[in-house]
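Visitor: Before I ask anything, let me first share the structure, which is written out below as structure tokens.
The values are calculated or read from the model by the stated rules, or taken from the named source; none is laboratory data. Owing to the predicted nature of the structure, the values given are computational and were not obtained by experimental measurement. Counting neighbours? That spans all protein chains shown, and the Cβs are built from the backbone with ideal geometry, glycine included.
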Amino acid sequence: MEQGTLIGETAWGECESAIRAFEDAWHRRGARPDVGAFITPDAPHPTRLLVELVHVDLEFRLRAGEPARAEDYFSRFPALNRRELAVDLLVAEFALRNRHCPPAWPEEFWLRFPEMTGDLRARMPGDGHTGWFTATRPVEHATGPLVGTPVIPGYEILGELGRGGMGVVYKARDLLLNRTVAVKTFASAPRADGCARFAREAEAIARLDHPNIVPVYEVGDWRCASGPTVPYFAMKLYTGGSLDDASAGRGTDPKAHARIVEAVARAVHHAHQRGVLHRDLKPSNILLDDDGHPHVADFGLAGRIDPGDQPTLTAVVAGTPAYMAPEQASNPKQVSTAADVYGLGAILFNRLTGRSPFAAETPLATLDLVTNVPAERPSTLNPTVPRDLDTICLKCLEKDPARRYATAQELADDLERWRLGVPISARPTPAWEHAYRRVRRHPIVSAMVTTTLAALVAAVAVLADSNARISAKEHEVRAAYLRECALRYKLEETLAREQRALYLERVASAGRLYAANQLPQAWAVLDQCPEQFRGWEWRYLDALRKADTPGLVGHTLRINRTAFLPDGRAVSADTSGHVRVWDAAGRAEQWHWAVSTSPIAALSTHPTRNWIAIADGNAVMIWDADSGKQIAQPARGQWAAFNGDGTRLATASNGTVQLWSAPDWKPAGELRGHEQKITAGAFSPDGKRLVTSSFDSSVRTWDLDTEQSIHRRSVPLPVTALAFTDGGRVLVEVHPDAVLFTDSTTGELRDRLDYPGAGRPAVATGTDPRTVAISGANGEIVIWDATKRRTARTLRGHTATVAAVAFCPDGKRLVSGGGDQTVRIWNLAQPLEVRMLADANGGGALSFAPGGKQLAVGFPVLANPSHARSTVLETATGKEIHRFPPRTDIAFHPVSGQLVVGQAGVRVTLLDLATGKDVWTQAFPNAPTTAEGGPFGPLGLRIAFSADGSRLATRGPRSTGVQLWNPVDGSPTGRLETGNSFVYALEFLPNGSRLAVASSDAVTMWDVTTRAQVPWGDGANSRGASTLACSADGRWIATADLDRGVRLRDAATGQTVRTFVGNTMRVNALAFSPDGTRLLTGGSDRTVRVWDVESGQELLSLPGVGDSVSAVAWDRTGDRIYALDDAVRVWGRPRE
């Protein structure tokens, strides 16, 4: 391209035609036009045309969002590789990308073209001299005014808004964004200085981003018809006109003018902070929007004032004389931000007075006034101008720049102060004036202060009088508050006490209902117990409830017969003649037969085959439980039973017994002798005898080999059921009011179990020769130990009388049924209420190892000591770990876990169970040579450790006095002389300094260190006690009187706090729960009872006790209770 020359008008016209055709091709839809297609070989100035077309193509591609780059053209058009053309194209790419794309940085171009870095630095903003908005191509010299409306790519000119010295502003529509803008361009063909000023204005505005500065949308150029390239920029359009058109002078609001100038000053300060100096501030350069807000425009004379750089100010006087600062007229190169502060003051003067500060006939005369004549006060021309506003305006118009506001921000702040009524900084203000201004600025507050000061004196007097009244009222209110708090606390305490009493009553009721076999009612009451008080007894009953399995339902009338098949399936029959077979798991019905319309009178199962003999009074039928079909009907009758090996079936019809062989069901014999209908019968275990009963009030024994009656005896009333037990030696007979145990040979009565109520009990015997199941009157089933002649276990669950019971062949299960029409299958191997840890064969003491995994059982006093064996058991399994000789007492050391073993009146030994070796053995001092019997039985030993294990105490060798030992080496450390009374129990208090002793004469307290008796107790002490226990916190001591009373004493004083009433015989054992809220008692009345310590109320009597209880204990966690009668028994969670 020929730089700096002019192209002929004809040649340029041809080039312009090609450019316009290329632009039109871009505007049409379809494929993108090709630059090469618009260059012909005979075109004048082909290089210049190529440059223009490439520039246009690059702009359109970038505006379309394409990632266009200059390299795209260098490779295709070698002519563009000339250095000056390449630099022009790169600068154009930089400018266009910043206009239409995300910003580009000069450094990117320097890295892409390092060989052109020098030229690019001179043309891009990184050098500090030219901006990216500088024309991208050389501008031709103008030849005259521009004619017609300009054609600017991307814009539609709508009309002219105004003209200036060198430019014109049009109203236009942005075709791309469809918005109305103002476009500023040259009014005539631009010259170099005009282009520079125009570029400076665009650069200045582009640097700024302030709500009160007119923003620039786009900078570019367009080509006029005569050929030159004309720059333009598009900016926001404001329709409110300029400040020059707004009202000013007299009759206007000074505050409104101050507010506008304040906003303009803040905008100008924003420009100053970014290195831009306006130099031509005047009302016509302040545009107003529709809301009247000002916006600074026309930065055509703007200069650069970047720190560290040379100012871009020329020596030419430029600006509007009437608003020009004196230094701007006299020395343009020394203009600073103070010139714009002067311009702001001139604008304020114009607004306040309606004219400029200086005006003359010619510009030169005006400049002379600006330089030499002081400005008038605005109040001279407009008397309504306030004094302070006069001061602010004149400070801006000072001839010396140093006496003006240092920054436009200070001017704005002073105008704001004046608007708000705060003293301004333009002049010092006396103190009285400050006060006067404050009063005028805050009249309401000032009036309030004055009133307050006037009222203060009166208030002091009133307050002094009221202070006494207030103090008295405060005391009254506080006293009322304290009374209310005390009442509230008392109510809360009363409510808690009532809730606790309610819990104790309900849980005790639930226990009694459970013991009475009223389980639904017991569980309902248990649910009503308040949660916050639920203790061990509630959790125990709740565990029994959860373990209670529902019965099998299906029968619609009373169940009167039950049995087990050899394969473990249960069979039941009811009074409607229906028979049901239940699966072996006892969960679902397997068969259901309606065998008769009459009640089932008898039901017997074959011992080896799944056959069932059923008698309904009319016929005896044999059913196969595997196929569900009847297989035989051998006879008529009301009773039937298989013998022990299943080879015979006995049936009864009226008074005759018929024998049948199985499985061919042929007659095998006949037994005649009863005069009336037979009611019951039973085969002996060896199958050689048959016992029958009849309505003729007789019981006969038959020899099955001879078919003769070998024994007959009369009974008062008919027997309804018979069964053998104890290997056939004992016959169980069910009478209307009792169950009798008789000698099966002689009929001699051995035992009697009375049956309360009007019903008749059901009985069953199993493989255990000692065990008999007997139904109770209230729905219970009693498992009777025929050898020990006591109840071994009670089964609860039926809600009506039980009419039928039967053992499983293996003796591990029991099936029952009755009036509640449910069948229950009991797992006898799974104890629910109580677990027997081990047989004990007598009474003694219990002691836990520190970890709670081992339990020591000692027997120091026994009527028959030869059967006693002191042992150590595993608490989890009951396994015996160690056994000791008779008449020994044992106890665990509470820390080391070593075992103290004592033989009555002889010696004391500390044993290490881990090694099985003695740690030490010591004989009793002054022990008798032989064990003498005392007034209450043979000599025995009681052992007590202090809580820390540092002290050991045992009963003396003659069951009198207390011997103290050193647990480390076993050496005797002293003796407590308690007199000649028999010592029953002794226990250390938790701190180990005192020892409580229960003897036949009294309960005494001893200081172990001094070995002296401590004053302790009340009148009840002289009554003696059989045992005692201390709570873990050392607060309470419980003692058992020698009769049957239990007392709770204050451990510090010995005074009786309350008594526990309910035991029917002497209490032999006491134990506190670990938390001290519950007390256990065990006694000769064969009970273990749980008591509430605070109230003394009995909460629960534990089931399953077999004999007189000699010891009770809680485990260390408080989860389980242990007791010793003729066995070691454990109560806790069922199925553990």
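Visitor: Looking only at residues that are closer than 30 Å to residue 28 by Cβ and in contact with a Gly (Cβ under 8 Å, 6 or more places away or on another chain) in the range 163-183, which one is modelled with the lowest pLDDT?
Guide: Per the stated criteria, the residue is 176.
Visitor: Given the criterion within 20 Å of residue 561 (Cα to Cα) and part of a strand (DSSP E or B), identify the matching residue among 777, 764.
Guide: Among 777, 764, only 764 is within 20 Å of residue 561 (Cα to Cα) and part of a strand (DSSP E or B).
Visitor: In the range 224-296, which strands (runs of 3 or more DSSP E) lie fully inside it and hold 3 or more residues that are surrounded by fewer than 19 Cβ atoms within 10 Å (Cβ to Cβ)?
Guide: No strands (runs of 3 or more DSSP E) qualify here.
Visitor: Of all residues in the range 143-162, which are at pLDDT below 80 and either surrounded by fewer than 15 Cβ atoms within 10 Å (Cβ to Cβ) or not assigned by TED's automatic domain parsing to the domain that holds residue 221 (or both)?
Guide: 143, 144, 145, 147, 148
Visitor: Are any residues in the range 704-731 assigned to a strand (DSSP E or B) and farther than 17 Å from residue 655 by Cα, and if so, which ones?
Guide: Scanning the range 704-731 gives 723, 724, 725, 730, 731.
Visitor: Another question about this same structure. Go through (1) out of contact with any Lys or Arg (no Cβ under 7 Å at 6 or more places or on another chain); (2) in contact (Cβ under 8 Å) with a residue 60 or more places away in the chain one by one and return the number of the condition residue 628 breaks.
Guide: (2)
Visitor: Here is a further query. Can you give me the number of residues within the range 355-405 that are small (Gly, Ala, Ser), surrounded by fewer than 17 Cβ atoms within 10 Å (Cβ to Cβ) and within 18 Å of residue 341 (Cα to Cα)?
Guide: Qualifying residue count, the range 355-405: 1.
Visitor: Output yes when any residue across the range 930-950 is at pLDDT below 90, among the basic types (Lys, Arg) and buried (at least 21 other Cβ atoms within 10 Å of the Cβ), and no when none is.
Guide: yes
Visitor: All but one of (1) touching a Ser or Thr at 6+ places or on another chain (Cβ under 8 Å); (2) closer than 22 Å to residue 716 by Cβ hold for residue 670; state the number of the condition that does not hold.
Guide: Among (1) touching a Ser or Thr at 6+ places or on another chain (Cβ under 8 Å); (2) closer than 22 Å to residue 716 by Cβ, the lone unmet condition for residue 670 is (2).
Visitor: Given (1) aliphatic (A, V, I, L, M); (2) part of a helix (DSSP H, G or I); (3) free of Cβ contacts under 8 Å to residues at least 60 places away in the same chain, where does residue 375 come up short, assuming only one miss?
Guide: Of the numbered conditions (1) aliphatic (A, V, I, L, M); (2) part of a helix (DSSP H, G or I); (3) free of Cβ contacts under 8 Å to residues at least 60 places away in the same chain, the odd one out for residue 375 is (2).
Visitor: Would you check which residues across the range 524-536 are crowded, with 21+ Cβ neighbours inside 10 Å and in contact with an Asp or Glu (Cβ under 9 Å, 6 or more places away or on another chain) and list them?
Guide: Of everything in the range 524-536, those that are crowded, with 21+ Cβ neighbours inside 10 Å and in contact with an Asp or Glu (Cβ under 9 Å, 6 or more places away or on another chain) turn out to be 526, 536.
Visitor: Looking only at strands (runs of 3 or more DSSP E) that fall completely inside the range 962-1047, which ones have 1 or more residues that are under 17 Å from residue 1111 (Cα atoms)?
Guide: Here the list reads 983-988, 994-999, 1025-1030, 1036-1041.
Conditions tested, residue by residue: (1) within 25 Å of residue 823 (Cα to Cα); (2) part of a loop (DSSP other than H, G, I, E, B); (3) not assigned by TED's automatic domain parsing to the domain that holds residue 1075.
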residue	(1), (2), (3)
512	yes, no, yes
517	yes, yes, yes
522	yes, no, yes
532	no, no, yes
540	no, no, yes
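Visitor: Go through the residues of the range 1093-1110 one by one and say whether even a single one is over 44 Å from the mean Cα position of the chain (by Cα), not hydroxyl-bearing (Ser, Thr, Tyr) and not in a loop (DSSP other than H, G, I, E, B). Lay out the reasoning, then the answer.
Guide: Pass one, the range 1093-1110, residues over 44 Å from the mean Cα position of the chain (by Cα): 1105-1110.
With not hydroxyl-bearing (Ser, Thr, Tyr) added as a condition, the list becomes 1105-1107, 1109.
In the following step, the residues that additionally are not in a loop (DSSP other than H, G, I, E, B) were identified as none.
Checked against the condition, which is being over 44 Å from the mean Cα position of the chain (by Cα), not hydroxyl-bearing (Ser, Thr, Tyr) and not in a loop (DSSP other than H, G, I, E, B), the range 1093-1110 yields no hits at all.
Visitor: Between 637, 655, which is modelled with pLDDT under 95 and surrounded by 23 or more Cβ atoms within 10 Å (Cβ to Cβ)?
Guide: 637
Visitor: Applying the selection to the range 995-1015, what residues are exposed (fewer than 15 other Cβ atoms within 10 Å of the Cβ) and small (Gly, Ala, Ser)?
Guide: Selection gives 1012 alone.
Visitor: For the range 50-65, which residues satisfy the criterion of being free of Cβ contacts under 8 Å to residues at least 60 places away in the same chain, within 60 Å of the chain's Cα centre (by Cα) and in a helix (DSSP H, G or I)?
Guide: 62
Visitor: Oh, and also: For the range 625-641, enumerate the residues that are among the charged types (D, E, K, R) and more than 60 Å from the chain's Cα centre (by Cα).
Guide: Residues satisfying the conditions are 629, 636.
Visitor: Could I ask something else about it? Return the residue satisfying two criteria in turn: it lies in the range 748-792 and is among the charged types (D, E, K, R) and more than 23 Å from residue 833 (Cα to Cα), and of such residues it is farthest from the chain's Cα centre (by Cα).
Guide: The extreme case among them is 748.
Visitor: Cβ-Cβ under 9 Å, sequence separation 6+ or interchain: first residue in the range 458-487 and free of Cβ contacts under 8 Å to residues at least 24 places away in the same chain, partner hydroxyl-bearing (Ser, Thr, Tyr). Which pairs?
Guide: Between residues of the range 458-487 that are free of Cβ contacts under 8 Å to residues at least 24 places away in the same chain and residues that are hydroxyl-bearing (Ser, Thr, Tyr), the close pairs are 459/452.
Visitor: Residue by residue through the range 601-648, note down the ones that are out of contact with any Ser or Thr (no Cβ under 6 Å at 6 or more places or on another chain) and closer than 22 Å to residue 695 by Cα.
Guide: 601, 602, 603, 604, 614, 615, 618, 619, 638, 639
Visitor: Looking at (1) over 42 Å from the mean Cα position of the chain (by Cα); (2) surrounded by 24 or more Cβ atoms within 10 Å (Cβ to Cβ); (3) not charged (D, E, K, R), which is the one condition that is false for residue 1059?
Guide: Here residue 1059 clears every test but (2).
Visitor: With farther than 13 Å from residue 387 by Cα and at pLDDT 80 or above as the only criterion, which of 435, 431, 412 stands out?
Guide: Residue meeting the stated conditions: 412.
Visitor: Continuing with this model, one more query. For the structure I just gave you, tell me whether residue 1053 is touching a Leu at 6+ places or on another chain (Cβ under 9 Å) and closer than 23 Å to residue 996 by Cβ.
Guide: Judged against the criteria, residue 1053 is not a match.
Visitor: Can you find a residue that is in the same structural domain as residue 421 (by TED's automatic domain parsing), at pLDDT 85 or above and polar (S, T, N, Q) anywhere in the range 199-213?
Guide: Scanning the range 199-213, I find no residue that is in the same structural domain as residue 421 (by TED's automatic domain parsing), at pLDDT 85 or above and polar (S, T, N, Q), so the answer is no.
Visitor: Can you confirm whether residue 587 is at pLDDT below 90, out of contact with any Lys or Arg (no Cβ under 8 Å at 6 or more places or on another chain) and basic (Lys, Arg)?
Guide: yes
Visitor: Please count how many residues of the range 1064-1086 are in a loop (DSSP other than H, G, I, E, B) and either among the small types (Gly, Ala, Ser) or crowded, with 22+ Cβ neighbours inside 10 Å (or both).
Guide: Residues that pass the stated criteria total 3.
Visitor: Further question: Could you pull out the residue among 635, 640 that is of a type outside the set (Asp, Glu) and more than 21 Å from residue 562 (Cα to Cα)?
Guide: 635
Visitor: Oh, and also: Which is assigned by TED's automatic domain parsing to the domain that holds residue 686, under 21 Å from residue 685 (Cα atoms) and without any contact (Cβ under 8 Å) to a residue 60 or more places away in the chain, of 764, 806, 777? Break it down stepwise before answering.
Guide: Details: 806 fails: without any contact (Cβ under 8 Å) to a residue 60 or more places away in the chain; 777 fails: under 21 Å from residue 685 (Cα atoms).
Exactly one of 764, 806, 777 is assigned by TED's automatic domain parsing to the domain that holds residue 686, under 21 Å from residue 685 (Cα atoms) and without any contact (Cβ under 8 Å) to a residue 60 or more places away in the chain, namely 764.
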